[in-house]
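So the structure is just underneath, and the comments pick up after that.
The values are calculated or read from the model by the stated rules, or taken from the named source; none is laboratory data. Computed from a predicted structure; not experimentally measured. So basically every Cβ, Gly included, is an ideal-geometry build from the backbone, and we count neighbours across all protein chains shown.
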Amino acid sequence: MNNFVYRNPTELIFGRGQLSVLEAKAKQLGSTVLLVYGGGSIKRSGLYDKVVSQLQAAECRVIELSGVEPNPRLNTVKKGIELCRQEGVEWILAVGGGSVIDAAKAVAVGVPYEGDVWDFYTRKAVAESALPLGTVLTLAATGSEMNRGSVITNWETQEKFGGTCTFPTFSILDPENTFTVPRDQTIYGICDIMSHVFEQYFSHTTEIPLQTRFAESIMKTVIENAERVLENPEDYDARANILYCGTMALNGTLPVGVDTDWATHSIEHAVSAVYDIPHGGGLAIIFPQWMRYVYRENVARFVRFAVEVWNVDPAGKTDDEVALAGIEATAAFFARIGAPTRLADYKIGDDQLEVMAQKATPFGPIGRFKPLGSEDVAEILRMSL
Ligand code: NZQ
Ligand code: ZN
């Protein structure tokens, strides 16, 4: 196991009716708030009214940044930063999915920073201060509610990069707020959660039994609840379990002491930067291909994955066969829940393949399980067509 430091300051407030704590939180954080949300799902579900009435009860002045796009854009972030500066905003409340939270994080670190907020994404600067940020999560997927990552798209340069920004001060997760997530977004969320675990599970670090079993527990819990939630989108317990898995998959629990990978996320971000496809959909397509491309680097790890997560029976099979059966089971699971399986499902052909491969590797080779250069990425994309 590697050395590590583990710190996560986000207060996670989980369960039915937990929005009621918002008034008290608002009183602590300041009288002018920037309310950040997306394209209107929170208005349709009635959550917007509930949030605003809590903020009003706390006598907060509410400034709004609405219309945050899925795959949030730099221009929207800059608009939010301007609003905060003009209106003397003291804290930010993000109500939505990962895109809304990521945009809010970018605004939070952008306000006190004199340079261009994009510097935090191009690794030119490290965020040192931020406005306080609270979140009300409405979609189980990214883990952004309890980590300091933020992924923003610069549409002008067709770049989609992750930056290290700021942890939310608190996040309110009521599974009922995810009842209205459409079927496709629920599927993408499930694929994203599974992918986050894969990125941290496929590692060469040895003697990490606890991290390994944590990861396997999350994967098994997602698999057990995926079809339940798709059959009945208002199954509270299934939604709750998926939601909690989403947080635990990317809140810093799994990577402690472990060399993690993250190549597939870089590849997906490059695809999204060019074609603006849903993140989880892209991952569902690319991950099984990444697995096929790299599994020989550590067959034993893939054998364990097949046996523990997918119940592959190793009797009478070679290690290679067991490993491949686990990869097939992964692809079959994504297909069974209705995720896309080919880039062609998004009408993506091979014309921008090299461009995407370059965009996936802007700072050199990616991934640690098998470091991938742009030619490797191009091959994985070709396998995904
Ligand atoms: O915009 P609204 O109207 O709110 O609708 C959204 C959006 O259209 C809708 N939605 C969300 N909650 C809903 C709902 N519709 C009905 N009922 C609800 N309760 O779902 C659509 C997708 O939302 P989005 O926030 O884009 O989804 P997600 O949470 O999957 O976030 C994806 C973004 O996060 C980034 C991705 O790259 C992508 O940009 N990621 C962020 C990470 C992080 N910060 O740690 C890590 C991830 O790996 C990921 O890269
Ligand atoms: Zn992801």
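List of remarks:
- Hey, LYS27 touching a Gly at 6+ places or on another chain (Cβ under 8 Å) and assigned to a helix (DSSP H, G or I) or not: no
- Of the candidates ARG304, ARG342, ARG292, the single residue that is more than 27 Å from VAL258 (Cβ to Cβ) and of a type in the set (D, E, K, R) is ARG342.
- Only one of the listed residues (ALA332, ALA300) is closer than 25 Å to PRO209 by Cβ and without any contact (Cβ under 8 Å) to a residue 40 or more places away in the chain. That residue is ALA300.
- Subset tally (residues that are within 16 Å of ligand 2 (Cβ to nearest atom) and either more than 25 Å from GLN289 (Cβ to Cβ) or part of a helix (DSSP H, G or I) (or both)) for segment 185-218: 19
- Restricting attention to segment 30-46 and to residues that are farther than 12 Å from VAL100 by Cβ and assigned to a helix (DSSP H, G or I), the residue that is nearest to ligand 2 (Cβ to nearest atom) turns out to be SER45.
- Residue, nearest to PRO362 (Cα to Cα), within segment 254-283, restricted to residues that are more than 12 Å from ligand 1 (Cβ to nearest atom) and of a type in the set (Gly, Ala, Ser): ALA263
- All conditions in (1) in contact with a strand residue (DSSP E or B) (Cβ under 7 Å, 6 or more places away or on another chain); (2) in a loop (DSSP other than H, G, I, E, B); (3) among the hydrophobic types (A, V, I, L, M, F, W, C) hold for PHE167, with the sole exception of (1).
- LEU19 being within 28 Å of GLU234 (Cβ to Cβ), in contact with a Lys or Arg (Cβ under 8 Å, 6 or more places away or on another chain) and touching a residue at least 12 places away in the same chain (Cβ under 8 Å): yes
- Unmet criterion (only one of (1) at pLDDT 95 or above; (2) surrounded by 20 or more Cβ atoms within 10 Å (Cβ to Cβ); (3) under 19 Å from the mean Cα position of the chain (by Cα)) for SER203: (3)
Results for (1) assigned by TED's automatic domain parsing to the domain that holds GLU216; (2) at pLDDT 95 or above; (3) in a loop (DSSP other than H, G, I, E, B), shown as yes or no for each residue.
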site	(1), (2), (3)
ALA284	yes, yes, no
PHE287	yes, yes, no
VAL307	yes, yes, no
GLY316	yes, yes, yes
PRO362	yes, no, yes
PHE369	yes, yes, yes
GLU375	yes, yes, no
